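What follows is one structure encoded as structure tokens, with my remarks underneath.
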Amino acid sequence: MHHMTLAEIARGLADKKFSSEELTQALLARIAQLDPQLNSFISLTEELALSQAKAADARRANGESGALLGAPIAHKDLFCTQGIRTSCGSKMLDNFKAPYDATVVAKLAAAGAVTLGKTNMDEFAMGSANESSYYGAVKNPWNLEHVPGGSSGGSAAAVAARLLPAATATDTGGSIRQPAAFTNLTGLKPTYGRVSRWGMIAYASSLDQGGPLARTAEDCAILLQGMAGFDPNDSTSIDEPVPDYSASLNGSLQGLRIGVPKEYFSAGLDPRIAELIQNSVKELEKLGAVIKEISLPNMQHAIPAYYVIAPAEASSNLSRFDGVRFGYRCENPDNLMDLYKRSRGEGFGAEVQRRIMVGAYALSAGYYDAYYLKAQKIRRLVKNDFMAAFNEVDIILGPTTPNPAWKLGAKSSDPVAEYLEDVYTITANLAGLPGLSMPAGFVDGLPVGVQLLAPYFQEGRLLNVAHQYQLNTDWHTRTPTGF
């Protein structure tokens with residue numbers, strides 16, 4: 001059963017080939033057996049999962065149906081789950097049990113999804129390798145000596161290893177798409193505001209967006225359907241109708257205009273990945289797409305702009321973790337200032353402290369105009385580049401990452417080298433655009449992804465292109481040895 005996709009599970013449950021309870025028990029046993037190799041989970045929720053599975057079976061017995069009714073998933077451990085530890089991969093929140101469910105968690109639970117647990121992640125979603133977690137690094141199931149990508153590496157590793165069919169994740173600068181590329185999955189970052197951020201512990205509020213990680217575009221469509229929608233609790237949620245994503249999967253690609261930015265094929269891109277991307281372009285051409293070279297001239301400025309804006313917002317968001325109200329508190333503080341300093345110094349890891357310091361500096365008196373304001377102006381230029389490009393094309397295609405997954409620890413001593421791995425993904429977050437990564441081949445036995453970007457609220461178009469591509473290729477069906 002562990003090899004079934006969400007769509008196959010939905011059909012199996014509808015045809016009564018197995019129950020949600022049977023499937024849940026099988027996957028929980030598989031997690032217990034295999035996850036010690038991967039470290040993809042922070043918390044398992046066996047009791048909750050079995051009770052939700054029994055409830056889903058009862059709802060089906062009473063005539064209810066639905067693609068997610070009885071389907072097992074997991075949540076990245078920054079989605080608040082009532083009464084369950086929500087750690088954000090940090091010592092700071094190791095003892096925090098959320099008093100409420102995030103909107104995403106509540107919506108999926110209402111649809112009948114079964115929560116198997118909370119997945120590992122880079123601390124406060126800050127990282128591209130899932131090595132900054134307080135609970136230890138996550139391993140890539142394709143090669144246990146390599147990273148799975150971050151910050152949603154736990155969700156990606158668990159799905160890639162067939163521990164479960166799909167999981168929720170978040171993307172601030174590529175944290176859904178990059179792990180998807182590194183683990184041979186399909187991952188979708190929706191338009192900013194499409195999925196509620198209420199109850200999603202913030203890293204950078206103007207960049208964070210929740211989305212699905214699964215093996216196929218079809219499964220991403222199913223999970224996004226359950227996650228998306230307006231939420232009055234979230235001031236950044238957009239009141240825009242949610243289409244039927246599954247209904248658009250089978251549309252023809254005849255005449256679809258695909259833009260390939262010339263800036264993507266620079267000296268920093270592994271030539272073997274470049275070749276695989278060109279192969280993907282040819283495959284889409286066979287399906288009727290029209291390819292056009294385009295330009296995104298301000299792409300080169302995106303990384304420095306992002307690594308001013310994101311840390312600035314992080315320094316503000318993480319100021320609430322002071323050892324007073326909730327979370328980690330140091331022992332025997334001498335006074336209030338000692339409480340603040342030691343609680344934050346002991347509760348936050350090195351990468352989080354680094355970004356808080358950078359952000360506080362960028363926002364400080366005398367430097368705001370020179371750094372933060374200038375970064376926001378560059379952000380607008382990046383958005384303008386995309387708006388101009390989408391006047392000429394329907395989709396933008398390119399690599400998800402410049403390199404395949406690196407070895408654990410290879411970039412730990414050089415944060416800037418790790419930041420540069422986000423070069424193709426962060427622009428979508430700066431502009432608020434939807435982006436998708438799908439499997440496109442292998443380099444040295446490690447998966448490679450191709451990225452698709454679309455205009456605002458065109459997630460259906462991305463899923464359509466990815467689904468048609470996956471009907472004509474088999475990269476997404478490959479399974480890591482041993483799993």
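Among the conditions (1) surrounded by fewer than 22 Cβ atoms within 10 Å (Cβ to Cβ); (2) closer than 28 Å to Leu363 by Cα, the only one that Ala274 does not satisfy is (2).
For every residue, the table says whether it meets (1) among the hydroxyl-bearing types (Ser, Thr, Tyr); (2) closer than 20 Å to Ser319 by Cβ; (3) buried (at least 24 other Cβ atoms within 10 Å of the Cβ).
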position	(1), (2), (3)
Ser65	yes, no, no
Gly89	no, yes, yes
Asp101	no, no, no
Val104	no, no, yes
Glu123	no, yes, yes
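Mind listing whichever residues of the range 12-47 are on the phi < 0 side of the Ramachandran plot, open to solvent by 40 Å² or more (accessible area, probe 1.4 Å) and part of a loop (DSSP other than H, G, I, E, B)? Residues satisfying the conditions are Asp15, Lys17. The residues of the range 291-325 that are without any contact (Cβ under 8 Å) to a residue 12 or more places away in the chain and in a loop (DSSP other than H, G, I, E, B) amount to a single one, Arg325. Of all residues in the range 314-373, those satisfying the criterion of being under 20 Å from Ser132 (Cα atoms), open to solvent by less than 40 Å² (accessible area, probe 1.4 Å) and among the hydrophobic types (A, V, I, L, M, F, W, C) are Ala314, Leu318, Phe321, Phe348, Val352, Ile356. Only one of the listed residues (Pro434, Pro455) is in contact with a Lys or Arg (Cβ under 9 Å, 6 or more places away or on another chain), modelled with pLDDT of 95 or more and open to solvent by 10 Å² or more (accessible area, probe 1.4 Å). That residue is Pro455.
Among the residues making up the range 159-200, those that are among the β-branched types (Val, Ile, Thr) and either buried (at least 24 other Cβ atoms within 10 Å of the Cβ) or closer than 10 Å to Ser437 by Cα (or both) are Val159, Thr168, Thr170, Thr172, Ile176, Thr183, Thr186, Val195. Restricting to the range 221-265, what's the tally of residues that are within 28 Å of Glu275 (Cβ to Cβ), assigned to a helix (DSSP H, G or I), open to solvent by 30 Å² or more (accessible area, probe 1.4 Å) and not basic (Lys, Arg)? Final tally of qualifying residues: 1.
Quick check, is Ala67 free of Cβ contacts under 8 Å to residues at least 60 places away in the same chain and either more than 21 Å from the chain's Cα centre (by Cα) or assigned to a loop (DSSP other than H, G, I, E, B) (or both)? Steps first, please.
Values: free of Cβ contacts under 8 Å to residues at least 60 places away in the same chain: no; either more than 21 Å from the chain's Cα centre (by Cα) or assigned to a loop (DSSP other than H, G, I, E, B) (or both): yes.
So Ala67 fails the test.
The sole residue among Leu116, Leu78 that is closer than 30 Å to Ser413 by Cα, modelled with pLDDT of 95 or more and touching a strand residue (DSSP E or B) at 6+ places or on another chain (Cβ under 7 Å) is Leu78. Any residue in the range 283-292 that is within 25 Å of the chain's Cα centre (by Cα) and open to solvent by 40 Å² or more (accessible area, probe 1.4 Å)? Checked the range 283-292: no residue is within 25 Å of the chain's Cα centre (by Cα) and open to solvent by 40 Å² or more (accessible area, probe 1.4 Å). Pairs linking a residue in the range 153-182 that is over 20 Å from Asp208 (Cβ atoms) to a residue that is in a helix (DSSP H, G or I) and open to solvent by 10 Å² or more (accessible area, probe 1.4 Å), with Cβ atoms under 7 Å and 6 or more positions apart or on different chains, are Ala161/Leu34; Leu163/Arg30; Leu163/Leu34; Leu163/Asp35. Among the numbered conditions (1) at pLDDT below 95; (2) touching a Gly at 6+ places or on another chain (Cβ under 6 Å), the only one that Ile426 does not meet is (1).
Could you run through the range 426-483 and say how many residues are on the phi > 0 side of the Ramachandran plot and among the charged types (D, E, K, R)?
Going through the range 426-483 one residue at a time, the tally reaches 1.
Would a scan of the range 465-477 turn up a residue that is open to solvent by 30 Å² or more (accessible area, probe 1.4 Å), out of contact with any Phe, Trp or Tyr (no Cβ under 7 Å at 6 or more places or on another chain) and under 20 Å from Glu145 (Cα atoms)? Taking every residue of the range 465-477 in turn, none turns out to be open to solvent by 30 Å² or more (accessible area, probe 1.4 Å), out of contact with any Phe, Trp or Tyr (no Cβ under 7 Å at 6 or more places or on another chain) and under 20 Å from Glu145 (Cα atoms). Among the residues of the range 224-251, those that are more than 20 Å from Pro212 (Cα to Cα) and either touching a residue at least 60 places away in the same chain (Cβ under 8 Å) or in contact with a helix residue (DSSP H, G or I) (Cβ under 8 Å, 6 or more places away or on another chain) (or both) comprise Asn233, Gly251.
For Glu346, state whether it is of a type in the set (Asp, Glu) and closer than 28 Å to Met200 by Cβ.
Yes, satisfied.
The values are calculated or read from the model by the stated rules, or taken from the named source; none is laboratory data. A quick note: this is a predicted structure, and the numbers were derived from the prediction, not measured. Heads up, the Cβs are rebuilt from the backbone with ideal geometry, glycines too, and the neighbour counts pull from every protein chain shown. The protein model used for the area step is the full one, side chains on, heavy atoms only, and it has no ligands, DNA or RNA in it. Shrake-Rupley method; radii C 1.70, N 1.55, O 1.52, S 1.80 Å.
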